[in-house]
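Trainee: This is the structure, below, for whatever I ask next.
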Amino acid sequence: MSKYTEDDLKIELENKEYEYGFYTNLESETFPVGLNEDIVRAISQKKGEPQWMTDWRIEAFRAWEEMIEPEWANVRYEKPDFQAISYYSAPKKADPNKTLDDVDPELLEMYKKLGISIDEQKKLNNVAMDIVVDSVSVATTFKKTLGEKGIIFMSISEAIKEHPDLVRKYLGTVVPQRDNFYAALNSAVFSDGSFCYIPKGVKCPMELSTYFRINQAGTGQFERTLVIADEGSYVSYLEGCTAPSRDENQLHAAVVELIALDDAEIKYSTVQNWFPGNKDGKGGVFNFVTKRGLCETNAKISWTQVETGSAVTWKYPSCVLKGDNSVGEFYSIAVTNNFQQADTGTKMIHLGKNTKSTIISKGISAGKSQNSYRGLVQISPRAENARNFSQCDSLLMGNNCGAHTFPYIESKNPSAKIEHEATTSKIGEDQVFYCNQRGIPTEKAIALIVNGFSKDVLNKLPMEFAVEAQKLLEISLEGSVG
Amino acid sequence: MELKEKLLSSFMAFEERVDVHSELHDVRTSAIKNFEIKGFPTKKEEAWKYTSLNAILKNDFTVFPKKDSAIEFNQVKKYFIHEIDTYKVVFIDGIFSSHLSSTTHDGIDVCLMSSALTKPKYKMVIDNYFNKIASKDDSLTTLNTAFSLEGAYINIPKSKVADKPIEIMYFSTGNEAALMVQPRNLVIVGENSHVQIIERHQSLSENPVLTNSVTEIFAQKRAIVDYYKIQNDDLEANLIDNTYVSQQKESHVSVHTFSFGGNLTRNNLNFYHFGERLTSTLNGITIIGEKQHVDHYTLVNHAQPNCESFQDYKGIFSDRSTGVFNGKVYVEKEAQKTNAFQKSNNIVLSDKASINAKPQLEIFADDVKCSHGCTVGQLDETALFYMQQRGIPKKEAKALLMYAFSNAVIENIKIPELKKRITTIIANKLGVKLGFDL
Amino acid sequence: MLSIKNLQASIGDKEILKGINLEVKAGEVHAIMGPNGAGKSTLSAIIAGNENYEVTEGEILLDNEDISELAPEERAHKGVFLSFQYPVEIPGVSVTNFMKTAINETRKANGQEEMPANEMLKVIREKSELLEIDRKFLSRSLNEGFSGGEKKRNEIFQMAMLEPKLAILDETDSGLDIDALRIVANGVNKLKSDKNAIIVITHYQRLLDYIVPDFVHVLYNGKIVKSGGAELAHELEDKGYDWIKAEN
C-alpha cells in the first residue's frame, strides 16, 4: 500500500534543502578576523561615530572581556572562537544615503531570491522596510511617508548621527552593556541594525520591517535594534532573517531593545529562518539573541516569534512590566529538525500593579533535534494583582528528538494569580486516518495538524507575515504545500 | 570549625568506631571523597537555586551524640499512630531505642540498619541493595553514605503482606546543644508483597537539629509500597530528606509527604524505573507559616515503556514562609506510551510569603502523554463570602476551603487512622476545630 | 458499485472477518446490523482502508476496480466516504479549513481545478442549512468540544460537501437524541440518489425508521448470517440478537 508515514516525512525532511542557502557574490569590505579594543575603535571610526558612542562600545568590550560564555542552556555546541570571526563586513556598494533605485542590482537580485520584492512592497504601500546585509543597513524604504508623521525609521548608524539625543537616552537602558555575555559582545561590536521612534499619540500607519541577511563567510552579524514608542503611540514591527548555507557555523548575536512609554503599544514579530545547518548537523547559524522590552504605565508589548532556522538558538524575548496595568505577551512557535537545538522562551518580570502577562509557546521537534522552552514568570512584592497565564505545548515527530519544558515561577506577592500548563503529544494516527478518509494525503494532513497546533500563535502575526510564516512552517516540516 | 571540616575530620574517628575492615569501608571512603570535593550545596547550583543552607550550617552541630538518652513511651505516645498496632523502629538522637521499638523477624525483617550492615546473614542483601540506587554523586547523599550506620532495615520477602504498618521514628532530645543526625533506611519489598510505612522525625526540644536522611526503597515485581512521611517538627528542626526509589515491573510505589513543621525542609524524591507497566505516585501537602521553608525536589525517570507517574503537590503558604516546587519528569527514548502527570497547586495567604516553582518536562520519546500544571493563587473570595453568608465564620470558612484544596491528596491516604491524624494536624495548623467530615 | 468477495481480515492474531460477501448497486441503501463485536465497524474501517487491520483474503471492488491496495485518501478520491463512529478531534483546524482542504485535494487527485472561494462559500452555506448547522460552528476547531450530536451532524455535513459515491454510516445514530437523529436522517435522505449508494451500520433498528433500507444484512461472528428486506430489521428488533446467536 502506498503509505506515506511519518518516517517517510522524516526522511524527506532530512533531505530537504535549505531554500535560502545561496550566496550572493557581492563585493564586500571585510575587517580582518579577531577582536580587541582597536577593532572596536575601528568599527566605531568606520561608521563615523561620535566619541560617546566609541566610549560606550569600549566600556562594553571591557565588560565582555571579564565575562564567560553562559552554559546553563539546554544546548550543546562547540563554542565559537571569538578571535576567528571578522566583526565588520559590508557590501561595498551599499550607501545608506541613497534611495532604493541606487541599490546594487545584485543585492536586489538577492532579495528577489529571498522572496522579498522591495518594489512589490513599495506598491503595496503597507510595509516599510530596512534591510541589513551582513552588518550594514542597505536600504530603508518609505522614509518620506513615515517622516510626514514624525516617525523616524532608519538604520541605527544613521540614527546615531541624526538623532544622537534619542539614541543616547535609550540605548542600553533595557539591555545594559553588561547584561550578559552576548549582549556585551554586541554592545561592543554592533555595526548596524534598525532604529525606530514613534512620536506621542501617533499610530504608525504601516508595518515596519527589517530583513537581516548574513552573506559573507566568516563574519558574525551583530545587529542592534532600538524601538521607542512614545506615549500613546502604536507600532507593529516585523523582522525576518536568512543566511547562506555554509559548512562552518556563523555567529549571530543581536540585541533588541523596546521601550513602550505610557499607554504605548509595540507589537514585535520575528520570522527567524537562519540557515539551520545541513541534515548531518554541519554548519548553521548560532543565534544568541537578547531581546527585551520595557513597559511603562498602561503600555503593552507583544512578542511573536516563528523560529524555524539556526543550528543553535538561545533567545528569550522578555518584558519588564514596570508600569502599573502594563501588559506583556509572548507567542512563539519553534520548529527544530535534523540536529537543530533551540532553547527559547521568555521572561515576564512583573513589577507594577495589575500587570498581566500571557505566554503561549508551541514547540515542534523532528529529526534528531532538541527543543526547549525556558521561561520565567516573576512577581515582585510590589506587583499587586499580577496575572500570568502560560501554556507550553510540545509536539514530537519521531523518536530521535526531544522536547523540554523548564518554566520558572517566582511569586512574592499573595495577590498574584499564575497558571502554567504544559502538554506533550504526538500526531495521532487516528487524526491522520480521519484526514486520509476525507481525501487529504498524509503529508498534507500533517501540515494541517501542525498548523492547527500552532494556530493560537499564527493568529497573532500580522496578516502580511502570517502567510509567510505558515509557508515557512510547511517548508521546514514537509515540502511544498500551498 | 566549619561543619564541612568538622565532618571530614570526624570521618576517621567514625571509621575507627565502626568496623574499618568491613567491605563498607570502600563505599564510605569514596562517598566522603565525593563530599569533600562537592561540599554543601549552594544557591549557585541550579538544584539549590531557591534554598540556602548557609544560615543552618553556621550552627555548631554535634556530629556524634555524647550520651544515650532515654524517653518514656507516654512522653511521646502522641507522635505515634497509637490507635493501631504497628511495628516500630525508634531512634533517639540517632541511637536505636529497643525500649520504644517493636521489631520483628517473624516472616519479615523489621529491624536495625546497624545489625544488617554487620551481621553475616544479611550480607547478601546488603551487597545487592545497599547504596545501589542512592546517588553516588549528590553531595548530601554521599555525606550520609559516608556516615551510614544506623536506621531502619525493612525486608519483606516474596508474596508477603506485612500484617501491620511500620512506623520509623527519629526523636531528638535536645540533650546536645545542636545535633546533626544522618539516618539511613533500607526498604526492600519482594515480588507480590505489600507494605505500608510511616516515617517521622520529631525534635523534643528547641535546640537546633539538622537531619540528613537517606532512604532507599526497592520494589520488586508487582510489589506495592505506600510510604508516608510526616514532617511536623519543631521550628528549629531542619530536615534534608533524600529518598531513592527503584521499581521493577508492575510495581506500585507511592510516597506521600506531609510538610507542616520544621524550619527548613528539603525533600529530594527520586524514582527510577526498571520494568514496564509500573506506577509511581508522588503526593504532597505543604502547609507552612512563620519563616518556614519547604522545598520539594522531585524526579521521575521514565526509562521503560508503558509506565505511569502521577505527581500532585498542594501548598498553602502564610506569614513569611517560602515554598519551592521543583519537579522533573524525564522520559527516555525507550519509554514509549508513558503517561506522566504533574500538578503543583499553591495558595499564598500573606504579603511576605513567596513561592517558587519549576515544573519541568524533559521528553525524548514521541508516543507519550505528559502534562504538567502549576498554579499560584488565592482562596476563592466568592466562595468565602458565600460560606460566610450562610453563617460560617471567616476563619472556619477559610479552613474549610483550604482543606478542600488539599483533599485530593488526603483522599489517597490508605490508613484510616493516619488520615484522621493528618486531618487533625491540618486543622491545628489552620487554627480551627473542625471535624472535616466533608 | 461495491462488490465484496470473501473478505477475511484480522487485527494482530485475531480473526475478525471470516469471509464477507456483499453486493451494493447504485441507488441502493443497505443496512448492516449485528450485536456488539460482530465485526461491523471493522468492515467499515477496512472498506475505508484503515491500516490497523490486515486483509488476509478476498477483494473489495469499487466499480469493478480492486481498491483493497489503495491508500485511504485514494479510496476517498474515488468516492468512498466513512462517517466515523467516533469522529476525531483536530485542534486548531476549523471545519471550513478542513473541508476546503479535503475538497481541493480530491479535486486535484481527479484532475480538476480547485474550487473557487465564492463557490466554496456558496456550497458550504447550502449544505450547512441542510443539516441545520449554525454558521459559527464552521469556524470552530474540528470536533473539538463538539457534543455527540454536533459531531454526527458534522460528519453528515462533510458527506454532503464531498458528495461521495459510496457512503458508509458507522453507528451514526449512537449518541443522538431524537431531534438530532431526525436532522441527520433527513440530511442523508436528501443526499440519496440513483447514482450513489449508502451502507448504514447500526446496532438498533431506530435509525432505519428514518433511512429505510432496501436490504438488511445481519453480521455475526465475522460473517453475514442473514439477509433480507427492511422487514428483517423489525424482526430483529422483536426477537433480539439472541435469536441469531441461537441459530448460529
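The values are calculated or read from the model by the stated rules, or taken from the named source; none is laboratory data. Bear in mind that the values here come from a model prediction, so they are computed numbers and not experimental data. As a convention, Cβ positions derive from the backbone with ideal geometry for all residues, glycine included, and neighbour counts pool all protein chains shown.
Trainee: Evaluate the following for B:Asn346: is it modelled with pLDDT of 90 or more and either touching a His at 6+ places or on another chain (Cβ under 9 Å) or more than 10 Å from chain A (Cβ to nearest Cβ) (or both)?
Mentor: no
Trainee: Assess whether C:Asn189 counts as being out of contact with any Ser or Thr (no Cβ under 8 Å at 6 or more places or on another chain) and either under 22 Å from C:Lys25 (Cα atoms) or among the aromatic types (Phe, Trp, Tyr) (or both).
Mentor: Here the answer is yes, as C:Asn189 does meet what is asked.
Trainee: Pairs needed: first member in region B:233-255, in the same structural domain as B:Ser203 (by TED's automatic domain parsing); second member anywhere, part of a loop (DSSP other than H, G, I, E, B) and β-branched (Val, Ile, Thr); C-beta distance under 6 Å; at least 6 residues apart or different chains.
Mentor: Pairs that qualify, where the first residue is in the same structural domain as B:Ser203 (by TED's automatic domain parsing) and the partner is part of a loop (DSSP other than H, G, I, E, B) and β-branched (Val, Ile, Thr), are B:Tyr244/B:Ile133; B:Ser246/B:Ile133.
Trainee: Hey, A:Val256 hits all of (1) hydrophobic (A, V, I, L, M, F, W, C); (2) surrounded by fewer than 24 Cβ atoms within 10 Å (Cβ to Cβ); (3) within 27 Å of A:Leu35 (Cα to Cα) but one; which does it fall short on?
Mentor: Of (1) hydrophobic (A, V, I, L, M, F, W, C); (2) surrounded by fewer than 24 Cβ atoms within 10 Å (Cβ to Cβ); (3) within 27 Å of A:Leu35 (Cα to Cα), only one is false for A:Val256: (2).
Trainee: To continue, here is another question. Pull out all pairs, ordered by first then second residue, where Cβ-Cβ is under 6 Å, the residues are six or more apart or on different chains, the first lies in region C:133-162 and is of a type in the set (Val, Ile, Thr), and the second is modelled with pLDDT under 90 and in a loop (DSSP other than H, G, I, E, B).
Mentor: The qualifying pairs are C:Ile156/C:Leu131.
Trainee: Continuing with the same structure: What are the residues in region C:131-165 that are part of a helix (DSSP H, G or I), more than 14 Å from chain A (Cβ to nearest Cβ) and either surrounded by fewer than 16 Cβ atoms within 10 Å (Cβ to Cβ) or at positive phi (or both), if any?
Mentor: Listed by number, the residues that qualify are C:Arg135, C:Lys136, C:Gly148.
Trainee: Spot the failing condition for B:Asp367; the list is (1) surrounded by fewer than 17 Cβ atoms within 10 Å (Cβ to Cβ); (2) within 7 Å of chain A (Cβ to nearest Cβ); (3) under 29 Å from the mean Cα position of the chain (by Cα), and only one is missed.
Mentor: Unmet condition: (3).
Trainee: Hey, another quick one. For region B:280-320, give me the residue count where each residue is basic (Lys, Arg) and either touching a Gly at 6+ places or on another chain (Cβ under 6 Å) or outside any strand (DSSP E or B) (or both).
Mentor: Final tally of qualifying residues: 2.
Trainee: Restricting to region A:382-412, and then to whatever is within 7 Å of chain B (Cβ to nearest Cβ) and closer than 24 Å to B:Asp319 by Cα, can you tell me which residue is surrounded by the most Cβ atoms within 10 Å (Cβ to Cβ)?
Mentor: Taking the candidates together, the pick is A:Ser411.
Trainee: Taking C:Glu57, is it more than 10 Å from every other protein chain (Cβ to nearest Cβ), more than 17 Å from the chain's Cα centre (by Cα) and either at pLDDT 90 or above or surrounded by fewer than 17 Cβ atoms within 10 Å (Cβ to Cβ) (or both)?
Mentor: It is true that C:Glu57 is more than 10 Å from every other protein chain (Cβ to nearest Cβ), more than 17 Å from the chain's Cα centre (by Cα) and either at pLDDT 90 or above or surrounded by fewer than 17 Cβ atoms within 10 Å (Cβ to Cβ) (or both).
Trainee: What residue, among those in region C:193-236 that are part of a loop (DSSP other than H, G, I, E, B) and surrounded by 19 or more Cβ atoms within 10 Å (Cβ to Cβ), is modelled with the lowest pLDDT?
Mentor: C:Gln205
Trainee: On to the next question. For region A:366-380, check the following and say yes or no: at least one residue is in a strand (DSSP E or B), of a type in the set (S, T, N, Q), more than 9 Å from chain B (Cβ to nearest Cβ) and within 15 Å of B:Asn356 (Cβ to Cβ).
Mentor: yes
Trainee: Among the residues in region A:337-356, are any in contact with a His (Cβ under 9 Å, 6 or more places away or on another chain), under 23 Å from A:Cys295 (Cβ atoms) and buried (at least 24 other Cβ atoms within 10 Å of the Cβ)?
Mentor: no
Trainee: Please give the number of the condition B:Glu334 fails out of (1) charged (D, E, K, R); (2) touching a strand residue (DSSP E or B) at 6+ places or on another chain (Cβ under 7 Å); (3) modelled with pLDDT of 90 or more.
Mentor: (2) is the only condition that B:Glu334 fails.
Trainee: Please go through region C:62-119 and give me each residue that is crowded, with 19+ Cβ neighbours inside 10 Å, at the interface with another protein chain (Cβ under 9 Å from one of its Cβ atoms) and aliphatic (A, V, I, L, M), ordered by number.
Mentor: Hits for region C:62-119 are C:Leu70, C:Ala76, C:Val80, C:Leu82, C:Ile90, C:Val93, C:Met99, C:Ala102, C:Ile103.
Trainee: With respect to the numbered conditions (1) in a strand (DSSP E or B); (2) at pLDDT below 95, which one is the sole condition not fulfilled by B:Ser246?
Mentor: (2)
Trainee: Taking the condition among the small types (Gly, Ala, Ser), within 11 Å of another protein chain (Cβ to nearest Cβ) and under 24 Å from C:His203 (Cβ atoms), does C:Ala38 pass?
Mentor: no
Trainee: Also, quick follow-up: Take the residues of region B:370-392 that are farther than 27 Å from B:Lys291 by Cβ and within 10 Å of chain A (Cβ to nearest Cβ): which is surrounded by the fewest Cβ atoms within 10 Å (Cβ to Cβ)?
Mentor: Among residues in region B:370-392 that are farther than 27 Å from B:Lys291 by Cβ and within 10 Å of chain A (Cβ to nearest Cβ), the one surrounded by the fewest Cβ atoms within 10 Å (Cβ to Cβ) is B:Gly373.
Trainee: Out of B:Val214, B:Val181, which single residue is touching a residue at least 24 places away in the same chain (Cβ under 8 Å) and out of contact with any helix residue (DSSP H, G or I) (no Cβ under 9 Å at 6 or more places or on another chain)?
Mentor: After ruling out the rest, the residue left standing is B:Val181.
Trainee: Ok, one more. Is at least one residue of region B:121-139 more than 27 Å from B:Ala47 (Cα to Cα), surrounded by 20 or more Cβ atoms within 10 Å (Cβ to Cβ) and in contact with a Gly (Cβ under 8 Å, 6 or more places away or on another chain)?
Mentor: Among the residues of region B:121-139, not one is more than 27 Å from B:Ala47 (Cα to Cα), surrounded by 20 or more Cβ atoms within 10 Å (Cβ to Cβ) and in contact with a Gly (Cβ under 8 Å, 6 or more places away or on another chain), which makes the answer no.
Trainee: Moving to a separate point now. Given the criteria surrounded by fewer than 16 Cβ atoms within 10 Å (Cβ to Cβ), away from every other protein chain (no Cβ under 14 Å) and either in contact with a Lys or Arg (Cβ under 7 Å, 6 or more places away or on another chain) or aliphatic (A, V, I, L, M) (or both), does B:Ala427 qualify?
Mentor: No: the conditions fail for B:Ala427.
Trainee: Of the residues B:Leu117, B:Leu140, only one is within 14 Å of B:Val27 (Cα to Cα) and in contact (Cβ under 8 Å) with a residue 40 or more places away in the chain; which?
Mentor: B:Leu117
Trainee: Also: Looking at B:Thr29, B:Thr42, which is the one that is part of a loop (DSSP other than H, G, I, E, B) and either among the β-branched types (Val, Ile, Thr) or in contact (Cβ under 8 Å) with a residue 24 or more places away in the chain (or both)?
Mentor: B:Thr42
Trainee: Can you tell me which residue within region A:413-428, out of those that are assigned to a strand (DSSP E or B) and within 11 Å of chain C (Cβ to nearest Cβ), is modelled with the lowest pLDDT?
Mentor: Only one residue fits best here, namely A:Ser425.
Trainee: A further question follows. Name the single residue, out of those in region B:76-86 being in a helix (DSSP H, G or I) and in contact (Cβ under 8 Å) with a residue 60 or more places away in the chain, that is farthest from B:His99 (Cα to Cα).
Mentor: Looking at the filtered set, the residue picked out is B:Tyr79.
Trainee: Separate question: In region A:429-464, which residues are at the interface with chain C (Cβ under 7 Å from one of its Cβ atoms) and assigned to a loop (DSSP other than H, G, I, E, B)?
Mentor: Of everything in region A:429-464, those that are at the interface with chain C (Cβ under 7 Å from one of its Cβ atoms) and assigned to a loop (DSSP other than H, G, I, E, B) turn out to be A:Arg438, A:Gly439, A:Ile440, A:Pro441.
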